Each structure stands twice: as C-alpha cells, then as structure tokens.
1. Say each of Glu60 and Thr150 gets a label point 7 Å from the Cα, pointing the same way as Cα to Cβ; how far apart are those two points in nm?
2. What does the convex hull of the Cα atoms come to per residue for region 69-162, in Å³?
3. Measure nothing fancy, just the Cα-based angle from helix 153-163's long axis to the longest principal axis of the chain, in degrees from 0 to 90, nearest 10.
4. Where the centre of each part is set by its Cα atoms, how far does region 23-92 sit from region 122-149, in angstrom?
5. Give me the one-decimal nm value for the distance between modelled label points at Glu84 and Arg159, 7 Å along each residue's Cα-to-Cβ direction.
6. Helix 22-48 against the longest principal axis of the chain: what's the angle in degrees, Cα atoms only, rounded to the nearest 10?
7. Nearest 5 is fine: what % of DSSP beta bridges in the chain come out antiparallel, could you say?
8. What length, rounded to one decimal in nm, is gained on full extension from Arg20 through to Asp141, with 0.36 nm per residue of separation minus their alpha-carbon distance?
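Bear in mind these aren't lab numbers, they're just calculated from the coordinates by the rules spelled out. All values reported here derive from a predicted model rather than from experimental measurement. Positions of Cβ are backbone-derived with ideal geometry, glycine not excepted, and every protein chain shown enters the neighbour counts.
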Amino acid sequence: MSPEIAIFVRWPEPGKAKTRLIPALGAEGAAALYRKLLEMTVREARISGLPFHLRVTGAEPARFREWLGADIDVRDQGGGDLGEKLARVPTPGIMIGSDCPGLTAQLLRDASNALSTHAAVIGPADDGGYWLLGLAEPMPDLFTEMAWSTPAVFPETLRRLKALGVEPHILPELTDIDTGDDLAAWPELIP
C-alpha cells in the first residue's frame, strides 16, 4: 500500500497565518507569502504522483477546494495540539507542512520509497524541527508531550525513534519559512 501524503494547512487569513512573519512582512504580506508556499506545496504533491490530501483549519474544506482545486481531498484537522493532529494521520503516511519552499516532488517520492524499507523517514529542518515525517505504522509515542516549534523537535524525535528500535531514513535538511530571517535564502518569495 502506497503511503498517502497529509499536508497540514491553515487558511491564509491575514493576522492568523504565519504570524511570526508579520514583523517582517505585515499581516497581509505574511498571508500572501503563505498562500504562495501552499500553492507550491500542492503543486509538488500533484507532480509527485503520490496520493495526498489536505488537513485543514481556519476555514471550511469547501473554501480550500474552491481555491486549490475541486479534485483535492480536504479533511478537517480536528481538535487538539499538533501532536494529536499528527497522530491521527493513517499509516503508512507522510506528514508535511506547507511552508517549505525547498520541497520537491522527487523528495516526496524519495520519502515514499524509503517507507518500503524503513519504518520511518524524516526530513530535518534547519530550525531543529522537521519538514517531513513518514511512518509505516502508527507510533503515537512520537507525538505526546513534544515541545513543538522548538529546536528540540528533531533530536527528540530521533531519540524516541531509537527508543522504539527504529532507524529512520533521513532526507536532506531544508528550511521552513517561519520568520523574516528564513526569507534571506528565498528573496524571490517576498510578496
């Protein structure tokens, strides 16, 4: 069974999307940048040829389909913290956000291929988190009591995988766009 990609998405409402970018871009600029990043992510998911769906918050699923395509499978993220939301993704599955401009269709295919020989695949982000996590089977211990949005996420996830006896396939390190400083390498994205 081929793993399905779950793209975690927030409606790009000014003042609520990419709030850590607001000091650099303003509320409208941060939302505009997020729209562009999400459109890039969906494009790469389509090109990959892998099954994917959006896990959304901030607006009704119909609004996402009107914007990104009527053919897209859109599901509500549901309640809880990020860990609870990630733990609900069916396995085999690949979880990604929508703010990593270096994401390519080939990297998604590489992650999918890795799950045929590894129980987990992870793409580290340069801020200490991860831009992709793929699991061949449920591993709820990876998501409980995690200090999300901190530099501890990637190393702690590796520690927890090791405790489970899992040696993950590690993808290249990429940059998530969370702050104005993150934009330095991607000036063409600035709205």
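1. About 3.9 nm separates the two model spin labels.
2. Once divided by residue count, the hull of region 69-162 is 115 Å³.
3. It is inclined by approximately 10 degrees.
4. That distance is 18 Å.
5. My value for the distance between the label points is 2.5 nm.
6. Tilt relative to the chain: about 50 degrees.
7. Approximately 35 percent, going by the DSSP bridge assignments.
8. Numbers: separation 121, 0.36 × 121 = 43.56 nm, distance 2.83 nm.
Once the chain is fully extended between Arg20 and Asp141, it gains 40.7 nm.
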